[in-house]
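Written out below as structure tokens is the structure these notes cover.
The values are calculated or read from the model by the stated rules, or taken from the named source; none is laboratory data. Not measured: the values here are computed from a predicted model. Using ideal geometry, Cβ is built from the backbone for each residue, glycine included, and neighbour counts are taken over all protein chains shown.
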Amino acid sequence: MGKFAAIAGIGQTEFSKNSGRSELQLAAEASKAALDDAGINPADVDGMITFTIDGNDEIGLSRCLGVKDLAYTTRIPGGGAASVATIHQAAAAVTSGACEVVVVWRAMNERSQYRFGQPMVPPSGGVVNVAGNGTGSLLWCMPFGAQTPASWEALATQHYMETYGVTNRDLGHVSVAQRKHAATNPLAWFYGKPITLEDHQQSKWIVEPVLRLLDCCQESDGGVAIVITSLERARDLKQKPVRIASSAQSIPAEVEVISNYYHADLNMMPEAHGVAKRLYAGSGLAPRDMQLAMIYDAFTPQVLKQLEAFGFCKQGEAKDFVKGGNIEVGGALPVNTNGGLIGEAYIHGMNNITEAVRQLRGTATNQVAKMTNALVSCGMAGAILTNS
Amino acid sequence: MSSNDNPAPPAATRPDPVFTADAVFFWEGIARGELLGQRCADCKKLTHPPRPMCPACHSVKRETVKLSGRGKVASWVIPRHPAPVGFAESPIVALIELEEGIRLVSNLIDVGPDAVRGGLAVEVRFAPTRGGKAVPVFTPAKARARG
């Protein structure tokens, strides 16, 4: 296909534990920063995409930015599974001609205003309607004490760990590498605070025997925005375009978000395999062509499972792949070079996309040498971004 | 939880089940002490979680079937922090693969973490919730009277 979309601008607020302002203000500040980065007048935005669970209205954000006439809006379900899907759908909207300039945003006071990590139990029993966010099957977990994202993820992972002999200590290598990256990233909450494997092993159990505290992402306040337009238009803007070489979603049969217990093979993440197949077919590229992988890391096991699904190592071998500096800058496949959701901030996956853009522009703090292609994945969606 | 019925057990604190309209049959069955599955009335495909249409033949005719209540542990964890709401001690949360081939999230009782492993044979029991409802839980099959 000859027609491509590109990322023309990125923007963000500071990442904190208490932003001191409304989520709408965070969304507006991040969007304005992304549009400034691109060199686009906010009035000219005509598309808006965010998560179903984002707390801000399109109209509210349009009023802040002074948008003249929105032509296209949509929202994506699945919590963090929406993150890279926003890029996919923005690219589809732009290349189809539905709109020309899309602002994608996610803004949240997820530490100071509410916390995803706290137990979630509906106040009363009985029949409810929970559709729309992609997480309705969590109802089957709550009366059994699985009431947090960590518990849902852990239950989806223990089987995998037992099958391949993966220990919690093995998972610690992911945290250590990412905290090393965060330690040299001034934008990261954990800037200047690397950890050792022993620190990881001494952190408290969150969900035994899978997740310790240092296997879990942060809870953060902050906003991130990304501007997507046609490659043709992006070439006339301020930044060197980052082309969306391929983007995809995949939700295979019986797969669901996080409480992913009902598909055939619990050792696999079928949605990530589905995304990988589409991305590689769509771009003509292969795992060996990637110089960077930005992988949704709400919890460390998700990194292992996605490394396998995207073909960077064989099934069951990620526990070894993540050792020995392999996933650090300078290693065979640098992963989450901003520190990821674990080390930089938890802006629901969006800050992992902006890091890929910085790497492809050559402006990252922990710059990877000779960047051409970056994989960005959130499990149910992914993109291959390129500066070529 | 022991099988000793005396003295009276403390009041249940476990959260009540919350469910969608298409899962009412399941929880009504549990309230009667029956573990029920949903099957397509036309092609007989068993599905979980429940749904209003059969994904194989697209029939909307459903029937409930009594499940054996026997299965094995597919995955298990113990949520430690933050403490689960409604539990005096952290329960063992388990994914149970039933003989009939469907999986359910549940709890393991009568067994400690040291004795739990993937593939452990289990069978269903029922545990009360704080609002007078019940949920299915599982105990190691060896605890069942032989024969």
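Here are some notes:
- Filter result for the condition that a residue is surrounded by fewer than 20 Cβ atoms within 10 Å (Cβ to Cβ), in contact (Cβ under 8 Å) with a residue 24 or more places away in the chain, farther than 14 Å from A:Gly339 by Cα and of a type in the set (Lys, Arg), over A:Arg233, A:Arg212: A:Arg233
- A:Ile258 touching a Gly at 6+ places or on another chain (Cβ under 8 Å), crowded, with 23+ Cβ neighbours inside 10 Å and on the phi > 0 side of the Ramachandran plot: yes
- Flag for B:Leu95 being buried (at least 20 other Cβ atoms within 10 Å of the Cβ) and in contact with a Lys or Arg (Cβ under 8 Å, 6 or more places away or on another chain): yes
- Enumeration of residues in the stretch A:69-111 that are under 25 Å from A:Phe4 (Cα atoms) and either in a loop (DSSP other than H, G, I, E, B) or aromatic (Phe, Trp, Tyr) (or both): A:Asp69, A:Leu70, A:Ala71, A:Tyr72, A:Pro77, A:Gly97, A:Ala98, A:Cys99, A:Glu100, A:Val101, A:Trp105
- Scanning the stretch B:69-91 for residues that are buried (at least 21 other Cβ atoms within 10 Å of the Cβ), free of Cβ contacts under 8 Å to residues at least 40 places away in the same chain, within 10 Å of another protein chain (Cβ to nearest Cβ) and over 18 Å from A:Ala154 (Cα atoms) turns up nothing.
- Tally, over the stretch A:96-115, of residues that are charged (D, E, K, R) and under 22 Å from A:Lys32 (Cα atoms): 3
- Yes/no for B:Ala121 being touching a strand residue (DSSP E or B) at 6+ places or on another chain (Cβ under 9 Å), more than 19 Å from A:Asn260 (Cα to Cα) and touching a residue at least 60 places away in the same chain (Cβ under 8 Å): no
- 1 or more residues away from every other protein chain (no Cβ under 14 Å) and either on the phi < 0 side of the Ramachandran plot or at pLDDT 95 or above (or both): qualifying helices (runs of 4 or more DSSP H) within the stretch A:140-204: A:168-183, A:197-202
- Against the test of being more than 14 Å from chain B (Cβ to nearest Cβ), surrounded by fewer than 24 Cβ atoms within 10 Å (Cβ to Cβ), under 25 Å from A:Ser137 (Cα atoms) and not hydrophobic (A, V, I, L, M, F, W, C), the options A:Gly311, A:Gly274 yield a single qualifying residue, A:Gly274.
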